[in-house]
1. Starting from residues that are assigned to a helix (DSSP H, G or I) and among the aliphatic types (A, V, I, L, M), keep the ones in the range 206-218 and report whichever is nearest to residue 9 (Cα to Cα).
2. Given the structure, is residue 62 surrounded by 15 or more Cβ atoms within 10 Å (Cβ to Cβ) and at pLDDT below 95?
3. Hey, can you tell me all the residues within the range 232-245 that are out of contact with any strand residue (DSSP E or B) (no Cβ under 9 Å at 6 or more places or on another chain) and of a type outside the set (Lys, Arg)?
4. Does residue 98 satisfy being of a type in the set (Ser, Thr, Tyr), more than 17 Å from the chain's Cα centre (by Cα) and assigned to a loop (DSSP other than H, G, I, E, B)?
5. Does the range 140-176 hold any residues that are basic (Lys, Arg) and touching a residue at least 60 places away in the same chain (Cβ under 8 Å), and which are they?
6. With the structure loaded, tell me whether residue 216 is over 22 Å from residue 157 (Cα atoms) and among the polar types (S, T, N, Q) or whether it fails that test.
7. If I ask for residues that are assigned to a helix (DSSP H, G or I), among the hydrophobic types (A, V, I, L, M, F, W, C) and open to solvent by 10 Å² or more (accessible area, probe 1.4 Å), which ones from the range 128-166 would you list?
8. Please go through the range 206-218 and pick out each residue that is among the basic types (Lys, Arg) and open to solvent by less than 60 Å² (accessible area, probe 1.4 Å).
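The values are calculated or read from the model by the stated rules, or taken from the named source; none is laboratory data. Just so it is clear, the structure is predicted and the values come from calculations on it, not from any experiment. For neighbour counting, all protein chains shown are included, and Cβ atoms are generated from backbone atoms with ideal geometry for every residue, glycine included. The protein model used for the area step is the full one, side chains on, heavy atoms only, and it has no ligands, DNA or RNA in it. Shrake-Rupley method; radii C 1.70, N 1.55, O 1.52, S 1.80 Å.
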Amino acid sequence: MRICIVAEGCYPYVVGGVSSWINNLIRSFPQHEFIMLAVISDRSVSGKFKYNLPDNLTEVHEVYLNDTEWVNRTRKNYKNARLSAKNKEALNSLLIGTDTDWETLTRLLQNPKLSLDALLMGPDFLDAVVKSYELKHGEIIFSDFLWTMRSMYLPLFFCLMTEIPKADVYHAVATGYAGVLGSMGKYFHSGQLIISEHGIYTREREEELIKAEWVQKVYKKIWIQQFRKMSKVSYERADIVTSLY
């Protein structure tokens, strides 16, 4: 059996409770092959492991939340392309709606010809931001709101662009970005999805945002809503959810 562990900001880069739990889990099942899909901050952290990897952990794939787009030549002709009506509706469902069309969004971001820079700076994303602004956030300075939305959705879009390794089981040790990636694994490769909660992800992010001085108060609720949407799709697609806190 090939098992993909999906983790954010822990094993094998950080020593701690969740990291130790993952390390022990892998070592407890030497008869199975494990791979890691690790969500980390940026490329400066790449490969800097704090653990000696078990023999049955055969691959480590990295997802960077803070990155730049590595544009190739095939994307040049698509920089000014407009989205289809269905893709525009899916983008609006993420920024405005309560029921996000994750499947359409994932297929859109998986297109190797799509330029992420062009999407975020393009008219379709701008239209979705304007609609969100007019419906809910008219008291905010629009230019600040626009750039906040771009920075908020950039990490999620990097996740949705990730090429997911094939596995029989995807085991996300949190919801959030890890849960979204695990959900993508189930969607693309028909593997089972397990979520082990070592804490309530949305509550932890909410507490961090409330304390964060770099986030203006008016934007904290918007960030929290985004994390709740990611957790929701994780729960909806999971075959098993376990609580370990």
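1. Initial filter on the range 206-218 (assigned to a helix (DSSP H, G or I)): 206-211, 217-218.
From what's left, among the aliphatic types (A, V, I, L, M): 209-210, 218.
Details: 209: 17, 210: 20, 218: 26 Å.
Here the residue is 209.
2. On the way: surrounded by 15 or more Cβ atoms within 10 Å (Cβ to Cβ): yes; at pLDDT below 95: no.
When the stated conditions are applied, residue 62 does not pass them.
3. Taking the range 232-245 as the starting set, the residues that turn out to be out of contact with any strand residue (DSSP E or B) (no Cβ under 9 Å at 6 or more places or on another chain) are 232-233, 236.
233, 236 - these are the residues of the range 232-245 that are out of contact with any strand residue (DSSP E or B) (no Cβ under 9 Å at 6 or more places or on another chain) and of a type outside the set (Lys, Arg).
4. Values: of a type in the set (Ser, Thr, Tyr): yes; more than 17 Å from the chain's Cα centre (by Cα): yes; assigned to a loop (DSSP other than H, G, I, E, B): yes.
Yes: the conditions hold for residue 98.
5. 166
6. For residue 216, the condition - over 22 Å from residue 157 (Cα atoms) and among the polar types (S, T, N, Q) - is met.
7. Scanning the range 128-166 gives 130, 135, 142, 146, 147, 154, 158.
8. Filtering the range 206-218 down to residues among the basic types (Lys, Arg) leaves 211, 217.
The answer is none; no residue qualifies.
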